[in-house]
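The values are calculated or read from the model by the stated rules, or taken from the named source; none is laboratory data. Note that this is a predicted model, so its numbers are computed, not measured. Positions of Cβ are generated from backbone atoms using ideal geometry, with glycine treated the same way; all protein chains shown enter the neighbour counts. Ligands, DNA and RNA are excluded from the accessible area calculation, which covers all protein heavy atoms including side chains. Shrake-Rupley method; radii C 1.70, N 1.55, O 1.52, S 1.80 Å.
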Amino acid sequence: MKTKNLLYGLMMSLVWLMVACTPESDSMGNIDLSPAQLAENTGFSVAVDQSTNQVTFKSLLPSSYSVYWEYGPAPTSDDVSVSGTSTNSTYQVGVAFDGDYYVRMGVQTRGGIVFSDRAAFHINAMNPNLISDAAWTMLTGGVGHSKTWVLDLDAAGSCLKFGGPKWFYTSGMNWDTFHNVAGENYLDSEQWDSSTAIDPTHASDWYWSADWAGNSWICGAADFGTMTFDLINGANVDVNGTKGSFNMDVASHTISFTGVIPLSINPDDVVGQRADGNYKVIYLTENAMQILFDGGSDDNTPFSLNYIAKDFKDSYVPPVITTITLPEDWKNYLQPFNQTTTTYKFDEDMPFGWFTLAGEEISRTGFAGHADIADAEFELNSKTKTFKITDISGNVTEGTYSISDDGVLSFSQLPSFGISTNKNIKFASVTNELQVISYEISDRTGDLTDLWLGAKQYDDQGNAYEYLAYHFKKQTGGAQVESFTGKLSYSDTGWAFLESSEVYITGEGDYTFTLTPNGSTNTQDPYLMFLDVAKILKKHPNTDLVLKSIKVDGKEVLGSEQGMDDETISRQVGDDPTTGRRYILNPWNDESASHTSLFKFSSSIEVTIGVKFDVGDVVLK
């Protein structure tokens, strides 16, 4: 990189310099110092301790002058490599590698920045102690070695550590914001509390750990190349074949690049934040690193680029999860304090299914339940820890059970009986144990409605490989009543939301949702409106939510006269794929957005839907 261009970028980005200018220019007006007055031993001194490789640069000018230091390896021709910068009147650095180096001092004057000529100094021998900190080894592989890094995204869309290559932050954050004195950090600590960080200044600020899968607008899936650091005859960095140098300040957790820009999605974004080549390290381990780019204009949101070690990526084997993690309060639902005896029956429509050992549902061609599956019953008494199971033929098995903290129900005995038209599918457990895989809670009552209990399946060598899970419905008053929660949501252009009261869908039929002003949402500035019914597609995947009426301040707006009807309004799923959604006003759909003015209201919006559980096909998708 040319000296002139490099230093121009430096001056533009360092806020402590009062005037930005081309440092090689001497036509800045009334300059009250000349480069000759800044010569070594006149304007500043250089002291080298060859036993420790500590070099001290000291200004000899009055303290009223603002100084700027720049040092690095001795340049060849007009190229220059900057290893470090400072604005302290006395600047001490440890130079690890032997060789020829330079320093020059800049001074802020009335006419601009004036720089001294470069002063040379020499380091006799390498001092490995200066790069012995674990951070150097984690970054480079150690003295005499190299280490290659890649962004945490590849052409297949795979992200192994951060879930994405780019996160976003509040300005001013740093290493100390995300670490505490015990060494815990914001990513690896189970219960990270930002208020206990070394620097809790930003405890109330935000950062966004943007996952790429849900935010692919950040960039397309791609291989962005490699960034290799080494400590072989210097501190070198190679980014996709472009070579440069780097320096890391372990104490301040910063890293500087010279002659090259860090591996990035868009180099212009990096330069826009930090044209001086100096960046913050906010996370570093053996296999992962985050560099924060913070320093651009107020319009540029600071961001990190997230890297993983190439060796880690190349040797990565996805972990095989064989445990199921349940919510902390799961026992409160299986053993409610206000109900000692709980009775369950098999779900007649979906009496069983298959799950991985991690509790993930396996898509597999199903078989119908046994014709008499409704006669089977499962009863638990949480006070006496006794159970009673009635099979499809009326046979009764009774005994005791215990329940572990990780969701395993151990029975004194369990019967075996068929539950499907496929005779090989049975209710049974070779270990007399059933694992709680999942359960569902009614939004209306807060009570458990559905329970999945799994029996481990074993191969010929005795290794468990999956669960055959039994789907039970809790019986209340001798029956199980379905209930799905529906809600109508409305937003103005400022994203101020207004929501209707919850409406409970307890069967097929018509249901009306009503919005009224809340005083904070601008009902004369509509932006979007949608109606959701949660979890309905899990039980009834062929459900349709038919729009029958939309009244705005009492006036019907649904119909051909207004250019919108049930068929033209999109049918979708919600944020959860089991939620059915009708996007009545969709700002991302040109046709829907053209109806925005219809939804300005003063008193109310009423939306009536007809719920049909099975229309023969999946229409909400």
Whole-Hz ³J(HN,Hα) for each residue in segment 215-224, computed from phi via Karplus 6.51 cos²θ - 1.76 cosθ + 1.60 with θ = phi - 60°, x for glycine and proline: what do you get? 9, 5, 5, 4, 5, x, 5, 6, 9, 8
I need the semi-axes of the equivalent ellipsoid of segment 310-383: take the C-alpha gyration tensor, multiply each eigenvalue by 5, square-root it, list largest first in whole angstrom. 35, 22, 7
Once both axes come from the Cα atoms, what is the angle between helix 3-13 and the longest principal axis of the chain, in degrees from 0 to 90, rounded to 10? 50
Answer check: segment 498-621, Cα atoms, Kirkwood Rh, Rg/Rh ratio of 0.95
Accessible surface of segment 231-371 [probe 1.4 Å, protein heavy atoms]: carbon and sulfur percent: 48
Surrounding charge for Glu466, neighbours by C-beta under 14 angstrom, Lys/Arg +1, Asp/Glu -1, total -1
With x for Gly and Pro, the residue-by-residue ³J(HN,Hα) of segment 268-280, computed from phi through the Karplus equation 6.51 cos²θ - 1.76 cosθ + 1.60 at θ = phi - 60° and given in whole Hz, is 4, 5, 5, 5, x, 8, 9, 6, 7, x, 10, 9, 9
Restricting to DSSP H runs of at least four residues, report the calculated mean residue ellipticity at 222 nm for the chain, -39500 (n - 2.57) per run over all residues, nearest 500 deg cm²/dmol. -1500 deg cm²/dmol
Going by average Cβ density within 10 Å per residue, which order do the peptides 122-134, 521-533 take, highest to lowest? 521-533, 122-134
For segment 93-154, alpha-carbon Rg over 2.2 N^0.38 Å: 1.69
Give me the orientation-averaged projected area of the Cα convex hull of segment 370-508, in nm², one decimal. 13.2
When the scattering of segment 209-339 is computed by the Debye formula from its Cα atoms alone, each counted once and equally, what is log10 I(q)/I(0) at q = 0.16 Å⁻¹? -0.92
Would you mind calculating the relative contact order of segment 448-568 from Cα pairs under 8 angstrom and at least 6 residues apart, reporting the percent as a whole number? 18
What does the charge count near Leu547 come to, summing +1 for each Lys or Arg and -1 for each Asp or Glu among other residues with Cβ under 14 Å from its Cβ? -2
What does the highest-first list of 331-340, 601-610 look like by mean Cβ count within 10 Å? 601-610, 331-340
Ser252 and Thr343 label points (each 7 Å along its Cα→Cβ direction) are spaced in nm at 7.4
Quotient of Cα radius of gyration and Kirkwood radius for segment 285-410, i.e. Rg/Rh, equals 1.23
Could you compute the FRET efficiency for Gln191 and Ala125, with r as their C-beta to C-beta distance and R0 at 56 Å, rounded to 0.05? 0.75
Do you know the relative contact order of segment 541-581, to the nearest whole percent, from alpha carbon pairs under 8 angstrom that are 6+ apart? 25
For segment 90-194: Kirkwood Rh in Å [reciprocal of mean 1/r, alpha carbons]: 18.9
Using the heavy atoms of the protein chains and a 1.4 angstrom probe, tell me the accessible area per residue for the chain in square angstrom. 48
Give me the percent of accessible area attributable to carbon and sulfur for segment 422-529, probe 1.4 angstrom. 42
Estimated FRET transfer efficiency (Ala203, Phe497; beta-carbon r; R0 25 Å; 0.05): 0.40
I need the semi-axes of the equivalent ellipsoid of segment 428-541: take the C-alpha gyration tensor, multiply each eigenvalue by 5, square-root it, list largest first in whole angstrom. 42, 18, 11
Please state, to two decimals, what the Cα-based radius of gyration of segment 180-249 comes to when divided by 2.2 N^0.38 Å (N = residues). 1.62
Return the ratio Rg/(2.2 N^0.38 Å) for segment 388-450, where Rg is computed over Cα atoms only. 1.33
Give the carbon-plus-sulfur fraction of the accessible surface of segment 120-204 in %, rounded to a whole number; probe 1.4 Å, heavy atoms of protein chains only. 49
In the neighbourhood of Ser252 defined by beta carbon distances under 15 Å, the net charge of the other residues (Lys, Arg +1; Asp, Glu -1) is -4
Using alpha carbon centers only, segment 235-299 is separated from segment 480-557 by a whole-angstrom value of 48
Over the Cα atoms, compute the radius of gyration (one decimal) and Dmax (the largest Cα-Cα distance, rounded to a whole number) for segment 237-299, in Å. 11.7, 34
Given Asn127, Thr568, Thr42, which one lies farthest toward the positive end of the charge dipole of the chain, if we put +1 on the Cβ of every Lys and Arg and -1 on the Cβ of every Asp and Glu? Thr42
List the pair-distance distribution P(r) of segment 483-544, using every Cα-Cα distance, as the percent of pairs falling in each 5 Å bin from 0 up to the bin containing the longest distance, rounded to whole percents. 4, 17, 25, 19, 13, 11, 9, 1
Taking segment 154-275 on its own, what percent of its Cα-Cα pair distances exceed 16 Å? 71
Which order do peptides 279-292, 303-316 fall in by mean Cβ count within 10 Å, highest first? 279-292, 303-316
May I ask for the Rg/Rh ratio of segment 357-410, computed from Cα atoms with Rh as the Kirkwood radius, given to two decimals? 1.07
Could you tell me the relative contact order of the chain? Use alpha-carbon pairs under 8 Å, at least six residues apart, and round to a whole percent. 8
For the chain, the Debye formula with one identical point scatterer on each Cα and no solvent gives log10 I(q)/I(0) at q = 0.05, 0.08, 0.09 Å⁻¹ as -0.39, -0.83, -0.94
Between the modelled labels at Gln524 and Ala222 (7 Å from Cα along Cα→Cβ) the distance in nm is 4.7
